[in-house]
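Student: Below is a structure I'd like to ask you about.
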Amino acid sequence: MKGRVKNKIILFLVSLFLIPVAGFLLSQTAGGETTVYVTSTGEKYHREDCRSLRRSKIALSLEDAVRSGYGPCSSCKPPELSGDAAAALSRIGGLYRVNAAALSSSAAADIYQMVKAEVVGHVDGDTVRVRIPNPPAELGAVETIRLIGVDTPETVHPNRPVETFGKEASDFTKSRLLNQTVYLAFDWDLRDRYGRLLAYIYTAEGRCFNASLVGEGYGHAYTRFSFQFMDEFRALEQQARRDKRGLWGGGP
Ligand SMILES: [Zn+2]
């Protein structure tokens, strides 16, 4: 009788010890993912209870946070990847490529897997300059981006009257993107022959700005080179033409 009670006590004590151990092992094997939090505008990632998350709080994995260029918050001291893991992450799959992700439309992209950047300069309707905090290995800290899949008037018809709409297209891009935090997605080719980065620019609301340019009639679908959203951009251009938007309407 005494022996059975003793066994029960031992069993009870062992289970007390095993439950947290099993819990720990499960948490480690469930993808090994650590969740951290970012705001819609900041450049740091945080622990869930950090005061910096008062205005907005977006959960993502530690890996995605590092891949997107977020650095650890210095006040809440969230977990960090080792230097080796962070370097490996920026080398392997560090760039979000819409062709590799086999996306069927530009709206299906996930901005939290993208490289985060700030638009610091404006060249024309389809070309901007960005600054990239913690750039992955393939990218520089400052890059000139040529938007994929769209051509705005001044670069496509340099000697035609339609060029006049280049100014409107340029102003539209400037007003929507300059000084904004944006997210970059890539496709087949990373750069053009001038060394400019070829990218889709997504706004913080998750909208593809390249598609907006075509859809609003500020540029036409540039189909000389194949890209993942070619059919979608062609359809957007057709709709803009039917609706006589932007350059298709003969005036702003
Ligand atoms: Zn914090």
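Student: I'd like the residue in the range 155-183 that is hydrophobic (A, V, I, L, M, F, W, C) and touching a helix residue (DSSP H, G or I) at 6+ places or on another chain (Cβ under 7 Å) and, out of all such residues, is modelled with the highest pLDDT. Lay out the reasoning, then the answer.
Tutor: Step one: filter the range 155-183 for residues hydrophobic (A, V, I, L, M, F, W, C), giving 156, 162, 165, 169, 172, 177-178, 182.
Restricting the remaining residues to those that are touching a helix residue (DSSP H, G or I) at 6+ places or on another chain (Cβ under 7 Å) gives 162, 165, 169, 177.
Working: VAL162: 48, PHE165: 83, ALA169: 92, LEU177: 97.
Applying the filter and picking the extreme gives LEU177.
Student: Restricted to the range 80-111, and to residues that are surrounded by fewer than 19 Cβ atoms within 10 Å (Cβ to Cβ) and touching a helix residue (DSSP H, G or I) at 6+ places or on another chain (Cβ under 6 Å), which residue is modelled with the highest pLDDT?
Tutor: If we take residues in the range 80-111 being surrounded by fewer than 19 Cβ atoms within 10 Å (Cβ to Cβ) and touching a helix residue (DSSP H, G or I) at 6+ places or on another chain (Cβ under 6 Å), then SER105 is modelled with the highest pLDDT.
Student: Filter the range 43-69 down to residues that are crowded, with 17+ Cβ neighbours inside 10 Å and either free of Cβ contacts under 8 Å to residues at least 12 places away in the same chain or within 11 Å of the ligand (Cβ to nearest atom) (or both), then give me how many there are.
Tutor: The total comes to 7.
The values are calculated or read from the model by the stated rules, or taken from the named source; none is laboratory data. All values reported here derive from a predicted model rather than from experimental measurement. Glycine also receives a Cβ, built like all others from the backbone with ideal geometry; neighbour counts cover every protein chain displayed.
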